[in-house]
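Below you'll find the structure, written out as structure tokens, and then a few comments.
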Amino acid sequence: MPSPRRIALLWFRRDLRLLDHPALHAALKTADQVVPLFVLPDPPHGDLGGAARWWLHGSLTTLRDALAAKGADLVLRRGDPARIVPEIAAQIGADSVHASICAEPAWRKTDAAVARALAPRQFVLHPGLTLFDPDAVRTRAGGIYGMYTPFANAVRAMDPPAAPLAEPASIPCPALPAGDALEDWNLLPARPDWAAGLRQTWSPGEAIARARGREFLRGAVRQYETGRNLPGQDLTSMLSPHLRFGEISPRSLWHALHRRAPDKSETVFAAELIWRDFAAYLLWHHPDLATRPLRAEYDKLPWRKDAAGLRAWQRGRTGVPIVDAGMRQLWQTGWMHNRVRMIVASFLVKHLLIDWRAGADWFMDTLVDADLAANSMNWQWTAGTGIDSQPFFRVFNPVSQGEKFDADGAYVRRFVPEIAALPDKVLHAPWLAPPLALQAAGVKLGRTYPAPIVDLAAGRARALETWKATVRAAA
């Protein structure tokens with residue numbers, strides 16, 4: 001009498017790919033058939049803003065096509081994973097459930113509830129979203145690293161990440177239980193359709209992620225050390241949303257970089273992959289990273305309530321060109337150049353003295369690469385409330401940053417066309433332009449383009465004095 005077939009349930013989350021997928025590999029190794037499942041939590045977890053929802057729709061579409069080519073399909077369900085995952089496992093007679101480890105507190109809480117509800121069925125969590133296990137990186141005393149450089153040195157001293165796993169030739173799949181129609185999830189915008197710029201800029205999915213990765217590693221990576229700071233040029237990888245949705249694994253990129261002796265620019269890109277790991281590491285060990293400053297003294301920093309200033313920043317109407325260009329790029333494309341992310345974040349937190357969490361919330365809703373760990377860590381880094389050796393007193397000057405990294409004005413002219421005719425020497429500070437230069441460029445400050453909503457010197461001074469007073473009060 002033939003033995004019964006073993007069935008495994010593969011629960012996709014932030015790992016929407018088939019190449020280098022440890023959970024998929026384990027499911028195929030331990031079972032005769034695999035049922036792929038994606039559950040959309042309802043209500044959604046906080047890392048799924050409007051732009052990310054648009055991306056998720058495209059990514060699930062391409063994943064379903066990729067699974068079909070391997071002989072499988074994808075069950076889609078919306079609701080509480082702690083109810084749905086055990087329900088599907090029982091329905092198909094699964095012996096085990098496999099998923100990738102997620103660092104987000106909501107997912108960790110969900111996983112604990114799923115594990116309880118599945119018992120005695122086996123629930124196995126696998127690595128795959130980061131280079132290194134966050135629990136394996138410790139100081140010599142067994143503690144947690146709080147700054148990037150010691151963390152990076154520690155992981156470089158460890159064994160390298162495991163080699164990527166091959167894509168399976170086939171995925172044997174039994175008859176599937178009923179699921180939802182992706183279109184019924186309403187992940188795409190209705191009216192108004194604000195996603196035109198996203199469609200023009202991006203194509204979600206694993207195949208595109210692989211192609212983009214190959215193209216970057218063949219060319220632009222060699223200029224990455226300097227090119228990553230130039231927003232007017234296409235010299236970054238543009239892989240962040242693909243990494244966020246797990247359409248490409250960091251291990252694949254790491255090993256592609258290290259198959260040859262990396263030059264300085266490639267080493268810098270590898271450091272960015274470690275920076276991404278550091279974000280997940282901090283969130284793993286500090287679940288309130290998105291809501292509480294890592295430095296306790298900043299709990300009582302008196303942020304300003306400035307709805308009009310926040311709105312001007314969100315709309316790219318601050319009157320500071322490099323800030324406005326970045327915020328408009330974000331709204332139009334769902335993405336912003338990394339150098340400019342630092343500039344616009346510093347402007348909000350320091351010059352406007354608006355709580356970093358307001359900026360982080362806006363980014364989470366508008367970025368296609370919205371990642372709770374990276375977003376929270378980077379905002380705390382900019383605010384000086386978390387992981388940096390230079391705390392609050394570092395303030396980016398948006399004018400000098402624009403002049404240095406967008407010297408020819410290509411970036412500002414693309415996203416702030418109403419001042420494009422200004423000469424380079426005043427483009428980044430139009431309020432300093434002579435009246436005749438403004439007139440010749442057709443610029444009327446306060447009418448065709450806003451006057452600055454804050455005096456940069458006064459805003460910087462206010463931020464520093466507020467910080468000093470907060471530190472004195474905490475002493």
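The values are calculated or read from the model by the stated rules, or taken from the named source; none is laboratory data. Everything quoted here is computed from the prediction, not taken from an experiment. All Cβ positions, glycine included, derive from the backbone under ideal geometry; neighbour counts span all protein chains shown.
Restricted to the range 41-63, and to residues there that are touching a helix residue (DSSP H, G or I) at 6+ places or on another chain (Cβ under 8 Å) and among the aliphatic types (A, V, I, L, M), the residue that is nearest to PRO105 (Cα to Cα) is LEU48. Among the residues of the range 300-330, count how many are assigned to a helix (DSSP H, G or I) and either surrounded by 18 or more Cβ atoms within 10 Å (Cβ to Cβ) or not assigned by TED's automatic domain parsing to the domain that holds GLY386 (or both). Total satisfying the criteria: 15. Residues of the range 431-475 that are surrounded by fewer than 17 Cβ atoms within 10 Å (Cβ to Cβ) and among the charged types (D, E, K, R): LYS444, ARG447, ASP455, GLU465, LYS468, ARG472. Residues of the range 445-475 that are farther than 20 Å from PHE396 by Cβ, assigned to a helix (DSSP H, G or I) and of a type in the set (A, V, I, L, M): ALA469, VAL471, ALA473, ALA474. Name the single residue, out of those in the range 282-299 being among the aliphatic types (A, V, I, L, M) and either under 19 Å from ALA370 (Cβ atoms) or assigned to a helix (DSSP H, G or I) (or both), that is modelled with the lowest pLDDT. The extreme case among them is ALA296. For the range 134-143, the condition holds for at least one residue, the condition being that it is crowded, with 16+ Cβ neighbours inside 10 Å and either under 24 Å from the mean Cα position of the chain (by Cα) or over 24 Å from LEU76 (Cα atoms) (or both). Taking the range 223-239 as the range and being farther than 12 Å from PHE269 by Cα and either touching a Ser or Thr at 6+ places or on another chain (Cβ under 6 Å) or without any contact (Cβ under 8 Å) to a residue 40 or more places away in the chain (or both) as the test, only ASP234 passes. Here is the figure for the range 8-36: residues that are surrounded by 20 or more Cβ atoms within 10 Å (Cβ to Cβ) and either in contact with a Gly (Cβ under 8 Å, 6 or more places away or on another chain) or basic (Lys, Arg) (or both) total 9.
Applying the selection to the range 112-132, what residues are of a type outside the set (Lys, Arg) and more than 30 Å from ALA270 (Cα to Cα)? Correct list: ALA112, ALA113, VAL114, ALA115, ALA117, LEU118, ALA119, PRO120, GLN122, PHE123.
Conditions tested, residue by residue: (1) over 25 Å from GLN329 (Cβ atoms); (2) outside the structural domain of GLY246 (by TED's automatic domain parsing); (3) of a type in the set (Ser, Thr, Tyr); (4) in contact (Cβ under 8 Å) with a residue 24 or more places away in the chain.
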| position | (1), (2), (3), (4) |
| --- | --- |
| LEU372 | no, yes, no, yes |
| PRO398 | no, yes, no, yes |
| ALA420 | no, yes, no, no |
| GLY446 | no, yes, no, no |
| ALA457 | yes, yes, no, no |
| LEU464 | yes, yes, no, yes |
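Exactly one residue among ALA383, ALA410 is in contact (Cβ under 8 Å) with a residue 12 or more places away in the chain, surrounded by fewer than 16 Cβ atoms within 10 Å (Cβ to Cβ) and closer than 21 Å to THR318 by Cβ, and that residue is ALA410. Within the range 323-332, does at least one residue satisfy the condition of being among the small types (Gly, Ala, Ser), more than 23 Å from LEU456 (Cα to Cα), at pLDDT 95 or above and out of contact with any strand residue (DSSP E or B) (no Cβ under 7 Å at 6 or more places or on another chain)? So far as the range 323-332 goes, no, none of its residues is among the small types (Gly, Ala, Ser), more than 23 Å from LEU456 (Cα to Cα), at pLDDT 95 or above and out of contact with any strand residue (DSSP E or B) (no Cβ under 7 Å at 6 or more places or on another chain). In the range 261-281, which residue that is β-branched (Val, Ile, Thr) and modelled with pLDDT under 95 is surrounded by the fewest Cβ atoms within 10 Å (Cβ to Cβ)? Out of the qualifying residues, it is THR267. If we scan the range 275-286, do we find a residue that is among the basic types (Lys, Arg), outside the structural domain of VAL416 (by TED's automatic domain parsing) and within 22 Å of SER376 (Cβ to Cβ)? Yes, the range 275-286 contains at least one residue that is among the basic types (Lys, Arg), outside the structural domain of VAL416 (by TED's automatic domain parsing) and within 22 Å of SER376 (Cβ to Cβ).
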